[in-house]
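S.K.: I have a structure I would like to understand better, so I am pasting it below and will then ask my questions one at a time.
Computed from the coordinates by the stated procedures, all read-outs in this text should not be read as laboratory data. Computed from a predicted model, the values in this text were never measured in an experiment. Positions of Cβ are backbone-derived with ideal geometry, glycine not excepted, and every protein chain shown enters the neighbour counts.
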Amino acid sequence: MIQRVRAIDSLVEDYSRKYISTSYRRNWKKVSEKHGVVTVHRVNFFLHWFFIFKLILAAKCVYVHSVFNVVFALPAYLLRKKIVTDVHGAVPEETHAQGKSVRALIRSLAERVASYRSTALVCVTQRMADHLARKYPNSAPPLILPIFNTELARREGESLDMPRNIPPTMIYAGGLQIWQNIEKMLEFAVINKKYKYLFLTPDSDSLRARALKYGDIDADFFSCPHSQVAEYYRAADFGFLLRDDNIINNVACPTKAIEYMAYGVIPVVLNMGIGDFEALGASFLLLSEMGDPPDAAEVSAMRRKNFYCLERLVEQYHNGSAELMSLLV
């Protein structure tokens, strides 16, 4: 969420604005900090609800980041203020998948309120907008705004025809959360010896120990700051992006996929249903197809399609940003 908040904030950096950071269990003492044209209020929902209410009443427009925060801003929805809700994904479904049924119900109700009472719903993908439209017919209009480092898509295409590694290199860069399907990567690596494997993760020692249980894998395990990941991407051919086929992933826009494509790394997936990538012309590879690596001509053609997809995403970003600014200021 922090990346999304920063991205939206950068659009309005020259305008006076106030942030409310609200908690049920913390911020017993209200703290207000002013940084130039930005004021940040850290408050407790129960102790400072009247203060929150006054800020909402005085606001020209209210921007709510995620369904998680809809309850905190409930007066804005009930009073029909100009309110923009940044949906941040399929929150009720994600909460239910975590086994938190009561919270999932509450967040489902919050999502319904936001869908029918918002001025606009900001979505990272068209599939997210379509998902909400199916759940809540005749709800608020969607605004498609993918958030990513647009500078990535302005690279000069040096990755298009870069030399192939022998053997081809398969990379993974990210955490070890269960939904990343790390075990599937290791299972693939121990069977498929035609690739060299590179794993970049904050807990590289833990992953190295897990890999030993699978036998002999030609792999390197590293930890590095995100600022250094690019040099490893430049040395890779393919990248693991093993998201399960469910609504949570189907409506998402993973930053990892965009980073892979920007550096000429072909994403390797379990299914083609991740976000809007297929609709935007991206070219991914199924893990089940990777027994034999594609030849250099195929890889070059896929990179070209992926660069075109990035161009379309940047265009979508600029159009969405302009539309959002017309609502906010």
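S.K.: With a/c under 1.5 counting as rounded, go ahead and sort segment 1-84 into rounded, prolate or oblate using the C-alpha gyration tensor (a ≥ b ≥ c being the square roots of the eigenvalues; past the cut-off, prolate if a/b is larger than b/c, else oblate).
M.R.: In terms of gyration-tensor shape, rounded.
S.K.: Quick one: Cα convex hull volume of segment 206-321, Å³ per residue?
M.R.: Details: hull volume 16.2 nm³, N = 116.
Hull volume normalised by residue count: 140 Å³.
S.K.: Neighbour counts of other C-beta atoms within 10 Å: give me 326, 321 arranged from fewest to most.
M.R.: Going from sparsest to densest Cβ surroundings: 326, 321.
S.K.: To make sure I understand, if each residue's beta carbon is the centre and we count other beta carbons within 10 Å, what order do 14, 220 fall in, fewest to most?
M.R.: 14, 220
S.K.: Roughly how big is segment 150-311's charge dipole about its Cα centre, with Cβ charges of +1 (Lys, Arg) and -1 (Asp, Glu), in debye to the nearest 20?
M.R.: 140
S.K.: FRET efficiency for residue 301 and residue 68, Cβ-Cβ distance as r, R0 = 30 Å, nearest 0.05?
M.R.: 0.15
S.K.: For a Förster distance of 51 Å, can you work out the FRET efficiency between the beta-carbons of residue 220 and residue 109, rounded to the nearest 0.05?
M.R.: Numbers: r = 48 Å, r/R0 = 0.93.
E(calc), rounded to 0.05, equals 0.60.
S.K.: Which of the three applies to segment 15-139, rounded, prolate or oblate, going by the alpha-carbon gyration tensor with a ≥ b ≥ c and a/c under 1.5 meaning rounded?
M.R.: Prolate.
S.K.: What share of Cα pairs, in percent, lie more than 36 angstrom apart in the chain?
M.R.: Result: 28 percent of Cα pairs exceed 36 Å.
S.K.: Work through the residues other than residue 144 whose Cβ is under 15 Å from its Cβ and net out their charges, Lys, Arg +1 and Asp, Glu -1. The partial results should precede the final answer.
M.R.: Values: positive: 4, 127, 312; negative: 86, 130, 276, 315, 323.
So the environment of residue 144 carries a net charge of -2.
S.K.: Taking the Cα centre of segment 1-76 as origin, work out the dipole magnitude from +1 charges on Lys and Arg Cβ and -1 charges on Asp and Glu Cβ, in debye rounded to 20. It would help to have the intermediate numbers written out before the result.
M.R.: Working: 12 positive and 4 negative charges, 61 e Å.
With Lys and Arg at +1 and Asp and Glu at -1, about 300 debye.
S.K.: Considering the dipole of the chain built from charges on the beta carbon (Lys and Arg +1, Asp and Glu -1) around the Cα centre, which of 174, 2, 296 is farthest to its positive end?
M.R.: The residue sitting most towards the positive pole is 2.
S.K.: For residue 40 paired with residue 210, estimate the spin-label separation in nm (one decimal), with each label point 7 Å from Cα along the Cα-to-Cβ line.
M.R.: 3.2
S.K.: Right, here's the next one. Exactly which GluC sites (Glu not before Pro) in segment 64-157 are in a DSSP loop and have at most 11 other Cβ atoms within 10 Å?
M.R.: 156
S.K.: About the Cα centre of the chain, how large is the charge dipole given +1 on each Lys and Arg Cβ and -1 on each Asp and Glu Cβ? Please answer in debye to the nearest 20. Before the final figure, lay out each step's value.
M.R.: Numbers: 40 positive and 34 negative charges, 421 e Å.
Charge dipole, the chain, about its Cα centre: 2020 debye, nearest 20.
S.K.: Work out the charge dipole of the chain with +1 on the Cβ of Lys and Arg and -1 on the Cβ of Asp and Glu about the Cα centre, then indicate which of 64, 90, 251 is farthest towards its positive end.
M.R.: Working it through, the farthest residue towards the positive pole turns out to be 64.
S.K.: I need 170, 290 ordered by Cβ neighbour count within 10 Å, fewest first.
M.R.: 290, 170
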